Amino acid sequence: MLQQNPYRGKLIVVEGIDGSGKSTQIDLLYKWLQTRGISVYFSEWNSSELVKSTTRLAKKEHMFTPTSFSLLQATDFADRWENHILPMLKAGVVVLADRYAFTAFARDVARGVDPTWVRNLYSFAPLPDKVIYFRVPLDVAVERITSARARIKYYEAGMDLGLSDDRITSFRLFQQRIIDEYDGMVSEYGMTLVDGTQSVEKQQKRVRELVKQVLKGFEGLPHPRFRVRLGKSKAVKQAKSEAAALDKNAEMGDG
Amino acid sequence: MKKVQFYGAGFPYDSIKDLPGKLIVLEGTDGVGRSTQIQLLRSWLEDEGYAVSDTGLRRSPMTQPGLDKAKTGHTLSRLTTSLFYATDFADRLENQIIPALKAGFYVLSDRYFYSIIARDVVRGVNPAWARKVYGFALRPDAVFYLKTDVEHLVTRMVHGRGFNYWEAGMDIRCADNLYDSFCVYQSQLIQQFDQMAEEYGFTTIDACRPIKTIFEDLRGQIKALSKEE
């Protein structure tokens, strides 16, 4: 369905249910890459400014059906894809995405839409260079979510599906369906599993190893304000010399 | 009663048994006179004692404010626009069209998803992808394609609402001025409609004729449709 990433940049995605700890991990990864002088861009699910007011209205008024929910989320993603992710990938940036099309494949199918249909919706987006799936048992995720938030939101709990009148029960049933979908996608898309119950540091170590493999020999877009803090890898040196060359060209252009 | 049919998977979570109403679609490019005909058909059907509901693009209460805002700002890219319109369409189909058909209404739809596909494809969207997006769409009981040519459209624009940015396809700058862009853009749309007429089996109606003649033609076709049962 999704094609290999044909662009100069690299696309790294984290996936997992709410409370799996993926956002913490990608945030650490983002900062780590930045300090290494790599041009990196962060993009998160459901963040299109354009679609925001519509999503808010529909959520507030409980207007969504599984199909319209799926389509609006795809609209949100398309806006981010066309205006942010694609230009960044073309420019040679490392794009880190907190959730990607797989979130839609998991959630929308858990809501009852056709799996092939939703896969077609996102077929304009390439397969990431790495998908890291943070897997946690349902109980752990529920515990993390319920202790961190006052109340689970209507759609987050899958209340629209009428699985249960109780929000926590509905949330559990809905998240379990999502876990099942994710588990099925591990082999379908070659996702790399990380055990989300391990300590944050241990997971981060693993994440960095995985990303290092992806970036081996990668010559992306040099960082304009480049400073090395964590040792000089070959790619970093390369990037630095390219940056210097660009600066020189720019100076000559000014003259 | 006719079996409920979708172009693809439909709504797997919602088994729709029977829809006693009739879904009648009027398709065709901008300014071809669709809304005029819908008004006439509505009065006629109501006069005959049928309950009528009408709908058209961008009328979903969920997406309308967002789409209107985006349109004013010209900020939408093509895939985003395409999917935003698909959201509007899905919302109206599930929340307006299908409930009305369940209640036995005649639903007159001013455009259907075919128009969205035509506009998307002219803007470079993959035609196969766009068609698959609408796998949830219900097959209408009839699709009347009001067919015309650019020359005829131009006279209607000149003596009607004038040329506008969107109808001239100025977002993709088919030419450097409104008139030329309008002609290029509309002829590309007509080409898409012609292709879909064959693919989806539209009933083609010659829309270069006077309003009354077109209406009588449509009325005759719809009468025949009701008699089929």
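Coordinate-derived values only; no laboratory data. Quick caveat, the model's predicted, so the values are computed rather than measured. Glycine also receives a Cβ, built like all others from the backbone with ideal geometry; neighbour counts cover every protein chain displayed.
A few remarks follow.
- For the residues of B:61-69, the average number of beta carbons from a partner chain within 10 Å of their own beta carbon is 5.
- When you restrict to C-alpha pairs under 8 Å that are six or more residues apart and normalise by the size of chain A, the relative contact order lands at 31 percent.
- Phi to ³J(HN,Hα) by Karplus 6.51 cos²θ - 1.76 cosθ + 1.60 over the stretch A:5-13, Hz, x for Gly, Pro: 5, x, 8, 5, x, 10, 10, 10, 10
- Rounded to the nearest 20 debye, the dipole magnitude of the stretch B:22-215 is 360 debye, with +1 charges on Lys and Arg beta carbons, -1 on Asp and Glu beta carbons, and the Cα centre as origin.
- Gyration tensor (Cα) of the stretch B:68-225, equivalent ellipsoid semi-axes in angstrom: 26, 23, 15
- In percent, rounded to a whole number, the relative contact order of the stretch B:22-215 is 32, using alpha-carbon pairs under 8 Å and six or more apart.
- Relative packing of A:157-163, B:149-155, which averages over residues the other C-beta atoms within 10 Å, highest first: A:157-163, B:149-155
- Once the Cα gyration tensor of chain A is diagonalised, semi-axes √(5λ) in Å: 36, 21, 16
- This model, with +1 at the C-beta of Lys and Arg and -1 at the C-beta of Asp and Glu, gives chain A a dipole about its Cα centre of some 1100 debye.
- For the stretch B:140-156, 3J(HN,Hα) computed residue by residue from phi via the Karplus equation (6.51, -1.76, 1.60; θ = phi - 60°) reads x, 6, 7, 10, 9, 9, 7, 9, 8, 10, 4, 3, 5, 4, 4, 4, 5 Hz, glycine and proline entered as x.
- Value of [θ]222 nm, deg cm²/dmol, for chain B, DSSP H segments ≥ 4, -39500 (n - 2.57) each, nearest 500: -15000 deg cm²/dmol
- Cα convex hull of the stretch B:101-148, projected area averaged across orientations, nm²: 4.3 nm²
- Cα centroid of the stretch A:153-213 to Cα centroid of the stretch A:88-102, whole Å: 20 Å
- Distance from the C-alpha centroid of the stretch B:4-54 to that of the stretch A:1-26: 42 Å, rounded to the whole angstrom.
- Since only A:F171, A:L71, A:P115 are under comparison, the one whose Cα sits farthest along the positive direction of the charge dipole of the stretch A:53-176, derived from C-beta charges on Lys, Arg, Asp and Glu, is A:F171.
- For A:V40, the shell of other residues with beta-carbons less than 12 Å away shows a net charge of +2, using +1 for Lys and Arg and -1 for Asp and Glu.
- Burial ranking of peptide ranges A:97-103, A:185-191 (average Cβ count within 10 Å, highest at the top): A:97-103, A:185-191
- Interchain or long-range residues, amide H under 5 Å from A:Y133's placed H: A:E15, A:T192, A:L193, A:V194
- Cα-only radius of gyration and Dmax that characterise the protein assembly as shown, units Å: 26.0, 83
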